[in-house]
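Novice: After the structure tokens below, expect a handful of questions from me.
The values are calculated or read from the model by the stated rules, or taken from the named source; none is laboratory data. Please read these numbers as outputs of a predicted model, since none were measured by experiment. Here the Cβ positions follow ideal geometry from the backbone for every residue, glycine too, while neighbour counts run over all protein chains shown. Protein only, heavy atoms only, side chains kept; ligands, DNA and RNA dropped before computing areas. Shrake-Rupley method; radii C 1.70, N 1.55, O 1.52, S 1.80 Å.
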Amino acid sequence: MKTTIVYDCEFLTAEGSPRRFWCSPKDPDPVVVQIGAVKLGLVDDFEIMDTMRVYVVPKDRYGQNFDIDPFFTQLTGISSHTIEEKGVSLEEALRSLDMFSENSKFWSWGKDEFNMLAISCFVANIHPPIPASRFDNACKLVLKAGMPYDDMTKTRSTELVGYYNLEHPPLNAHDALDDAMSVAYVLKHLLEKGMLNGQDFMGDTDLYSHIM
């Protein structure tokens, strides 16, 4: 495997939704609205080879478009106008992501695949086009490379480049591509330093030994 994909997604929320675990009747289903992905080389210079950002038209379980809550727009910069202008269907977005990956494994800071696939595909009543076995948690990679567990649990994806004191272009928190870039910059750094290698990105179960 010569490349891997680092990705992130933004999903619908409203003010207070996380505290309520989305249990209020007024809370939207936490379906994906934006996906950002970075293609990272695993050999030679470990270069960032390509990126993609796609917006998804969020639909409820009856096939109607969700309204974009002002809190979500304030958080992410994504408005109803953004979705009207750039949004595609969930099926098209996932198909584009799969093609972009060229069958590489997907890594996110946490388990974003649950919102992107398990929840979003369930609500849309479609079969997830990418199997769960192709996704894994990048937190396991930084733990293997020596990041203390307690630091990992309180560091957000967008804060990761700062934690490692890496120079980087400006990044906007809660933009899926920029959050994915933050993780990708760190994984690139750890590869360059020899603290990770390409085999680690195969998702071997040995990675679990670093969180026991």
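Novice: Can you tell which of ALA132, ALA138 is in contact with a Leu (Cβ under 8 Å, 6 or more places away or on another chain), of a type outside the set (S, T, N, Q) and buried (at least 18 other Cβ atoms within 10 Å of the Cβ)?
Specialist: Sole residue among the options that is in contact with a Leu (Cβ under 8 Å, 6 or more places away or on another chain), of a type outside the set (S, T, N, Q) and buried (at least 18 other Cβ atoms within 10 Å of the Cβ): ALA138.
Novice: For segment 82-122, give me each residue that is closer than 27 Å to PRO70 by Cβ, more than 14 Å from the chain's Cα centre (by Cα) and assigned to a loop (DSSP other than H, G, I, E, B).
Specialist: SER89
Novice: Run down THR4, THR73 and say which single residue is among the polar types (S, T, N, Q), open to solvent by 30 Å² or more (accessible area, probe 1.4 Å) and either part of a helix (DSSP H, G or I) or touching a strand residue (DSSP E or B) at 6+ places or on another chain (Cβ under 7 Å) (or both).
Specialist: After ruling out the rest, the residue left standing is THR73.
Conditions tested, residue by residue: (1) open to solvent by 50 Å² or more (accessible area, probe 1.4 Å); (2) in contact with a Leu (Cβ under 6 Å, 6 or more places away or on another chain); (3) of a type in the set (D, E, K, R).
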| site | (1), (2), (3) |
| --- | --- |
| CYS23 | yes, no, no |
| VAL56 | no, yes, no |
| GLN64 | yes, no, no |
| ASP69 | yes, no, yes |
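Novice: Follow-up. Of all residues in segment 162-212, which are within 16 Å of LEU143 (Cα to Cα), open to solvent by less than 40 Å² (accessible area, probe 1.4 Å), among the aliphatic types (A, V, I, L, M) and modelled with pLDDT of 95 or more?
Specialist: VAL183, ALA184, VAL186, LEU187, LEU190, LEU191, LEU196
Novice: To continue, here is another question. Scan segment 1-31 residue by residue and report those that are under 19 Å from the mean Cα position of the chain (by Cα), of a type in the set (A, V, I, L, M, F, W, C) and closer than 30 Å to GLN199 by Cβ.
Specialist: ILE5, VAL6, CYS9
Novice: Right, another one. Give me the residue from segment 133-165 that is without any contact (Cβ under 8 Å) to a residue 40 or more places away in the chain and among the β-branched types (Val, Ile, Thr) and, out of that set, nearest to LEU190 (Cα to Cα).
Specialist: Result: VAL161.
Novice: Could you list, in sequence order, the residues of segment 98-121 that are of a type in the set (Gly, Ala, Ser) and free of Cβ contacts under 8 Å to residues at least 60 places away in the same chain?
Specialist: GLY110, ALA118
Novice: Go over the candidates SER101, SER79, SER89 one by one and state the one that is in contact with a helix residue (DSSP H, G or I) (Cβ under 9 Å, 6 or more places away or on another chain), closer than 30 Å to MET202 by Cβ and not β-branched (Val, Ile, Thr).
Specialist: Answer to the check: SER101.
Novice: With the requirement that a residue be among the small types (Gly, Ala, Ser) and more than 18 Å from ASN115 (Cα to Cα), what does segment 25-59 give you?
Specialist: GLY41
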